[in-house]
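The values are calculated or read from the model by the stated rules, or taken from the named source; none is laboratory data. What you are looking at is a predicted structure, and each value in this text was computed from that prediction instead of being measured. Ideal geometry is used to build each Cβ from the backbone, glycine not excepted, and the neighbour counts take in all protein chains shown. Quick note on the areas: whole protein, heavy atoms, side chains included, nothing else; ligands and nucleic acids left out. Shrake-Rupley method; radii C 1.70, N 1.55, O 1.52, S 1.80 Å.
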Amino acid sequence: MHTSSFQVFRFASIYMISIPLAFLVTPLITSSGYQGWIALLTAAAINVLLIYCTVRIGRLAPQESWIQFGERIMGKWLHRSVLLLIALWTIYYISLDIEQFTLFYGTVYMKGTPPWFIQLMLGFAIALTARWGFATMIYLSDTLFILLLTGLFFLALMFSRDANFHMLPALLTHHKLDIAARDTLSSISWFGEWFIFLFLAPELTCGKKTLRNLMLANLVVVAGVFIPWLLTLLNFGPYYGGRVQYPILELIRSSSYSGILGNADPLVIGMWLTSMFIHDAFLLYVGTLCLSRVLNFKSGPHVFISLLGGLATILAFQYSRNSTVFQQNINSMAIILFWAIIDCIPIYYILVALFRGQLKTKKLS
Amino acid sequence: MLAFFFAGYAILEWVLVKNKRRRDSILFWCLFILFTSWGMGASFFPWWPQPNQLIMFLFGWFK
């Protein structure tokens, strides 16, 4: 596989932005209103710590997979327990993504279609994408990155025309600490899982430029969420903006543009869906690697793709039995806390490595 | 339906693997039975537990 250090930046940007771009804006406006930018920027600052910890761990053995050398930091059984937790977490995450997309697509475009059919299509597509392998995901993200940046640029250009910029001073006058703290934790839960890039090695080594690349990806992700958030707020206001379920779609449909620009939602959805496939396929890939390591399975981890992908799809089917409870649960503090605990995995490893004096040496023995 | 589809897909993936180790074969079939039976339970019984319920049970005290 032909690699370059900048591929990490492109892949990380696509992976991290795909889900919050679509699903973070509305909850953020609902709970924070005008001060959502404080939560986003604070979460971005906390991400710097998470990224640093991730890269620091990765640099302890850059040519080796973290799945292997993590045992030398945490100990064999504790590390394998963490891997098992990550494998279960990946199934859970994929199931949430499938259900959220099913709710979106099923309610907007395929009203009469039973949810299980959409979930089956999605689950199978994600499994096939993961089956193609890691190199395919990297190359897909290389192409999609340019399209995504172009899309964000046009989004900002098109919808700032009808935006009410007189609302901007409200961004500075509204600042409650408790709301900011809650939504910072919520934002971390949406785009804080930087530990996932420990699984890039050995295909993409954790080198000197990895820190720079992941920090740049952090900037892209925050900008990619901030722009739609601001546009939704300035176009719809805090009340209606918090009630619009899919703001980017509503921005396109309610715009004064006609022709292809006013009907660009299928194009936007197509691009976004590809990024979601890459996101979930990588999660499935990581889950299979973790499970293979835990069970010491040598006959090809790809065999687990069908099992893990199938379970994620069936979990999504369970959620679809009661969508209201599902929506309440995923925005609850319990789920947000669980997510934050998982996202802090690099910090636990750094603390243990620091305590064991492993950070003083450049390479792990 | 979903459980059957992915069970069939898993069997196809396993059949295509060359050089299967005996230990891996046992592991795969154990996992297959576990995942498929869990999936069927989840598909057919509305009361089957979900991850959200477990997380809410463990962390629901956090407001």
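List of remarks:
- Residue-normalised accessible area of segment A:53-170, given per residue in Å² at a 1.4 Å probe: 43 Å²
- Every helix of 4 or more DSSP H residues in chain A counts as -39500 (n - 2.57), and over all residues that averages to -25000 deg cm²/dmol at 222 nm.
- Each chain gives up part of its surface: B and A jointly bury about 3600 Å² of accessible area, both sides summed, for a 1.4 Å probe.
- Overall, segment A:1-136 carries a charge dipole of about 260 debye about its Cα centre when +1 sits on the Cβ of Lys and Arg and -1 on the Cβ of Asp and Glu, all other atoms neutral.
- Taking a Cβ cut-off of under 14 Å around A:Y319, the surrounding Lys, Arg, Asp and Glu residues balance to a net charge of -1, with basic ones at +1 and acidic ones at -1.
- When a 1.4 Å probe is rolled over the protein heavy atoms, the share of accessible surface on the protein assembly as shown that falls to carbon and sulfur comes to 70 percent.
- For the residues A:H166, A:H79, a 1.4 Å probe over the protein chains yields an accessible-area ranking, largest first, of A:H166, A:H79.
- Here each label is just a point 7 Å from Cα along the line to Cβ, and for A:M110 and A:K176 those points are 4.0 nm apart.
- Against chain A, whose longest principal axis comes from its Cα atoms, helix A:6-23 is set at around 50 degrees.
- Rg/Rg_ref, segment A:128-223, where Rg_ref = 2.2 N^0.38 Å and atoms are Cα: 1.46
- About its Cα centre, the protein assembly as shown has a charge dipole of approximately 1400 debye under the convention of +1 per Lys or Arg Cβ and -1 per Asp or Glu Cβ, with nothing else charged.
- Per-residue HN-Hα couplings for segment A:187-198 [Karplus 6.51, -1.76, 1.60; θ = phi - 60°; Hz; x = Gly/Pro]: 5, 4, 5, 7, 9, x, 8, 6, 4, 4, 7, 5
- Rounded to whole Hz, the Karplus (6.51, -1.76, 1.60) HN-Hα couplings of segment A:168-178, x for glycine and proline: 4, x, 5, 5, 9, 7, 9, 7, 10, 5, 5
- Potential lengthening between A:F153 and A:Q327 on full extension [0.36 nm per residue; Cα-Cα distance subtracted]: 59.6 nm
- Interface burial in segment A:120-153, defined as at least 40 Å² less accessible area with all protein chains than with the chain alone at a 1.4 Å probe, covers A:L120, A:F124.
- Around A:A130: net Lys/Arg minus Asp/Glu count, Cβ-Cβ under 14 Å: -2
- Accessible surface, per residue, of segment A:172-308 when the full set of protein chains is kept, probe 1.4 Å, Å²: 38 Å²
- In the protein assembly as shown, lysine pairs closer than 20 Å at Cα, eight or more apart or cross-chain: 10
- Spin-label model, B:F57 to A:F6: label points 7 Å out along the Cα-to-beta-carbon direction sit 5.1 nm apart.
- Across segment B:25-32, computed HN-Hα scalar couplings (Karplus, 6.51 cos²θ - 1.76 cosθ + 1.60, θ = phi - 60°) run 5, 5, 4, 4, 5, 5, 5, 4 Hz from first to last residue, x flagging Gly and Pro.
- Accessible surface, per residue, of chain B when the full set of protein chains is kept, probe 1.4 Å, Å²: 66 Å²
- Shape metrics for chain A, restricted to C-alpha atoms - Rg then Dmax, Å: 20.3, 63
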